[in-house]
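Enquirer: Below you will find the structure I want to go over with you.
The values are calculated or read from the model by the stated rules, or taken from the named source; none is laboratory data. Bear in mind that the values here come from a model prediction, so they are computed numbers and not experimental data. A quick note on method: Cβ atoms are made from the backbone with ideal geometry, for glycine too, and the neighbour counts reach across all protein chains shown. Keep in mind that these areas ignore ligands, DNA and RNA; they rest on the heavy atoms of the full protein, side chains included. Shrake-Rupley method; radii C 1.70, N 1.55, O 1.52, S 1.80 Å.
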Amino acid sequence: MSGTDVIARIHDSVAALPAGEWDALTDGGNPFVSHDFLSAMETSRSVGGRSGWIPVPLTIAEPDGALIAAMPAYLKEHSQGEYVFDHAWADAWERAGGHYYPKLQIAVPFTPATGPRVLSRRDDLLLPMLRAAESLCDQNGLSSAHATFIEPDQVPVFEQAGWLLREDIQFHWENRGYTDFDGFLGALSSRKRKDIRKEREKAQEGVTIEHLSGADLREEHWDAFWEFYQDTGARKWGHPYLTRAAFSLLGETMADRILLVLARIDGEPVAGALNFIGADALYGRYWGASIDKPFLHFELCYYQAIDAAIARGLSRVEAGAQGGHKLARGYEPVRTVSAHYIAHPGLRSAIADYLEQERAGVASDQLRLGEHTPFRRD
């Protein structure tokens, strides 16, 4: 696949590419596009094999072989673990006699967090990388390519390329210069302040909460969290996406970028929330518990994350996909964007019509939700 003056290549693994060259393509702010994270997904067998996520990273290199652009990409045999739902598109195309799978997914596996989807320090290479993804689809009979949770700065490139844009809503907490949790509460209405204080009091009753990062993370902590994660994964998705080995690998290579919030009762772990630390954001990823204690989920996933973000001077908390219950806890509706290359003109036209109507609904929802935040109206 070639552009006017560059050639893009397909690889079968991020782990096989030079870690230093890959990471040099980013500003280091987003932990999920790091070589450590993506290669851990491969090495742990969370992707590859029979997972339905086959790594096919795309790169552009200098004549001497040094990477100057890259794209984390996967051939997908299903639509699981993406958090931008296109099952209806697949069903419609299959009923029309087409083959929707495999498709090309440009994303971080199992991770609904905003981030760069084309990695390069050169703006002039962003569009050629998208053209390379299109060529990969066209030359191999793939129905489509999908880039999900694109960071805002890169959305115009996908729009310039003519990809269809799709919008959704997540709930993020924004740090407006708070010095502590009470400072945040002071920005809320009186009733919401009281509600949150009561929730935290009930959640913390009889519970010890610890924040673990860096050298403090040990295998015993991953053993406990794995049990929590398996239970949540089985209830939400049918089976956990990550393998047990993934947590050990992430702990070995990214411990300083991980925050594990662990709750104990009488010294025994009973619940945990796993977060990743970015340059300017805390990303909440997984949660689980072995007990059913009122408000413990909110405490570990939302309030402790706010505490941690304030302590680290981070500007926001991204608490993952969905969850309207986050609204009452100070997390505000934020637009997220995905972009879609649809190879067949007929399918593309149908999806474009659908997305135009969907975007209007999402915009209306965001306005409506924004009117129900718990912040003081003054």
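Enquirer: If you count, for each residue, the other Cβ atoms within 10 Å and average over each peptide, how do 355-363, 54-62 line up from highest to lowest? The partial results should precede the final answer.
Expert: Details: 355-363: 13.1, 54-62: 20.0.
With the highest mean Cβ count within 10 Å placed first, the list reads 54-62, 355-363.
Enquirer: Please give the FRET efficiency for Gln139 paired with Arg176, using the beta carbon to beta carbon distance and R0 = 35 Å, rounded to the nearest 0.05. Write down the numbers at each step before the final one.
Expert: Working: r = 49 Å, r/R0 = 1.40.
Approximately 0.10, to the nearest 0.05.
Enquirer: Can you give me the C-alpha center-to-center distance between the range 287-363 and the range 80-135, rounded to a whole angstrom?
Expert: A separation of 19 Å, based on Cα centres.
Enquirer: A follow-up question, please. What percentage of the solvent-accessible surface of the chain, computed with a 1.4 Å probe over protein heavy atoms, is contributed by carbon and sulfur atoms? If you can, show how the numbers build up before the last one.
Expert: Details: 8000 of 16430 Å².
C and S fraction of accessible area: 49 percent.
Enquirer: So which chymotrypsin sites (Phe, Trp or Tyr not before Pro) in the range 60-90 pass both tests, a DSSP loop state and at most 14 other Cβ atoms within 10 Å of the Cβ? All intermediate terms of the calculation are to be shown ahead of the outcome.
Expert: Working: sites: Tyr74, Tyr83, Phe85, Trp89; in loops: Tyr83, Phe85.
When the chymotrypsin sites (Phe, Trp or Tyr not before Pro) of the range 60-90 are filtered for loop state and at most 14 Cβ neighbours within 10 Å, Phe85 remain.
Enquirer: A further question follows. Taking the Cβ-Cβ separation of Glu62 and Asp12 as r and a Förster radius of 25 Å, what is the calculated FRET efficiency to the nearest 0.05? Each step should come with its number before you reach the end.
Expert: On the way: r = 21 Å, r/R0 = 0.85.
Once the sixth-power term is evaluated, E becomes 0.75.
Enquirer: If you take the beta carbon distance between Ile54 and Ser190 as r and set R0 to 51 Å, what does 1/(1 + (r/R0)^6) give as a FRET efficiency, to the nearest 0.05?
Expert: Working: r = 54 Å, r/R0 = 1.05.
Taking R0 as 51 Å, the efficiency between Ile54 and Ser190 is 0.45.
Enquirer: Against the longest principal axis of the chain, how steep is helix 219-236, in degrees 0 to 90 to the nearest 10, with axes from Cα atoms?
Expert: Tilt of helix 219-236: around 70 degrees.
Enquirer: For His325 and Gln80 in one chain, what is 0.36 nm times their gap in residues minus the Cα-Cα distance, to one decimal in nm? Walk me through the numbers on the way to the answer.
Expert: Working: separation 245, 0.36 × 245 = 88.20 nm, distance 2.35 nm.
Full extension of this stretch gives 85.9 nm more.
Enquirer: In whole Hz, what ³J(HN,Hα) sequence does the range 101-109 give by Karplus (6.51, -1.76, 1.60; θ = phi - 60°), x for Gly and Pro?
Expert: Whole-Hz 3J(HN,Hα) from phi for the range 101-109: 10, x, 10, 9, 10, 9, 5, 9, x.
Enquirer: A further question follows. Which of Ser135, Ser120, Ser34 moves most in a GNM of the chain, Cα contacts under 10 Å?
Expert: The residue with the greatest mean-square fluctuation here is Ser135.
Enquirer: Residue by residue, what Karplus-based ³J(HN,Hα) values in Hz, rounded to whole numbers, does the range 24-39 have, using 6.51, -1.76 and 1.60 with θ = phi - 60° and x for Gly and Pro?
Expert: 5, 7, 10, 8, x, x, 9, x, 7, 9, 5, 4, 4, 5, 5, 6
Enquirer: Counting only other residues whose beta carbon sits under 13 Å from that of Glu167, what net charge do I get with K and R as +1, D and E as -1? Present the calculation step by step, with values, prior to reporting the outcome.
Expert: Numbers: positive: Arg166, Arg335, Arg359; negative: Glu159, Asp168, Glu356, Glu358, Asp365.
Computed value for this residue: -2.
Enquirer: Binning every alpha carbon pair distance of the chain at 20 Å from zero, what are the percents per bin?
Expert: Distribution as computed: 27, 57, 16, 0 percent.
Enquirer: Determine the sum of side-chain charges near Leu296: Lys and Arg each +1, Asp and Glu each -1, restricted to other residues whose C-beta is under 13 angstrom from that of Leu296.
Expert: Net local charge, Leu296 excluded: -1.
Enquirer: So which residue, out of His172, His239, His211, gets the largest mean-square fluctuation from a GNM of the chain using Cα contacts under 10 Å as springs?
Expert: His239
Enquirer: Something else now. Filter the trypsin sites (Lys or Arg not before Pro) in the range 184-227 down to the DSSP loop ones having no more than 12 other Cβ atoms within 10 Å, then list what survives.
Expert: Working: sites: Arg191, Lys192, Arg193, Lys194, Arg197, Lys198, Arg200, Lys202, Arg218; in loops: Arg218.
Filter output for the range 184-227: Arg218.
Enquirer: Where does helix 345-370 land angle-wise versus the long Cα axis of the chain, in degrees 0 to 90, nearest 10?
Expert: Relative to the chain, helix 345-370 is tipped by roughly 20 degrees.
Enquirer: Leaving out ligands, DNA and RNA but keeping every protein chain, what accessible area does Glu94 have, in Å² rounded to the nearest 10, with a 1.4 Å probe?
Expert: 80 Å²
Enquirer: Just to confirm a number: summing +1 for Lys and Arg and -1 for Asp and Glu over residues other than Pro102 whose beta-carbon lies under 15 angstrom from that of Pro102, what do you get? Let's see the in-between values first.
Expert: Values: positive: Arg50, Lys76, Lys103; negative: Asp12, Glu77, Glu82, Asp86, Glu94, Asp138.
Residues near Pro102 contribute -3 overall.
Enquirer: Let me ask something additional. With unit charges on the beta carbon (Lys/Arg positive, Asp/Glu negative), name the residue among Leu314, Gln357, Leu347 whose Cα is farthest towards the positive pole of the charge dipole of the range 304-378.
Expert: Leu314
Enquirer: Another one. Over the chain, what relative contact order in percent results from Cα pairs under 8 Å that are six or more residues apart? Spell out each step's value before the answer.
Expert: On the way: 696 pairs, mean separation 76.1, N = 378.
About 20 percent, as a whole number.
Enquirer: I've got another one for you. Among Glu268, Glu151, Glu332, which one moves the most in a GNM of the chain with springs linking Cα atoms closer than 10 Å?
Expert: In the Gaussian network model the winner is Glu268.
Enquirer: If you don't mind, there's one more thing I want to ask. Can you give the Rg/Rh ratio of the range 203-269, where Rg is from the C-alpha atoms and Rh is the Kirkwood radius? Mind dumping the intermediate values first?
Expert: Working: Rg = 12.7 Å, Rh = 12.8 Å.
The Rg/Rh ratio comes out at 0.99.
Enquirer: So which aspartates and glutamates can Lys202 reach, going by Cα to Cα under 13 Å and dropping same-chain residues fewer than 8 places off?
Expert: Asp292, Glu299
Enquirer: With axes computed from alpha carbons, what is the tilt in degrees of helix 244-254 against the longest principal axis of the chain, rounded to the nearest 10 within 0 to 90?
Expert: Roughly 90 degrees between the two axes.
Enquirer: Students often check this: by mean Cβ neighbours within 10 Å, which of 104-112, 253-261, 275-283 ranks highest, and how do the rest follow? All intermediate terms of the calculation are to be shown ahead of the outcome.
Expert: Working: 104-112: 23.7, 253-261: 19.2, 275-283: 21.0.
Peptide ranking by packing, descending: 104-112, 275-283, 253-261.
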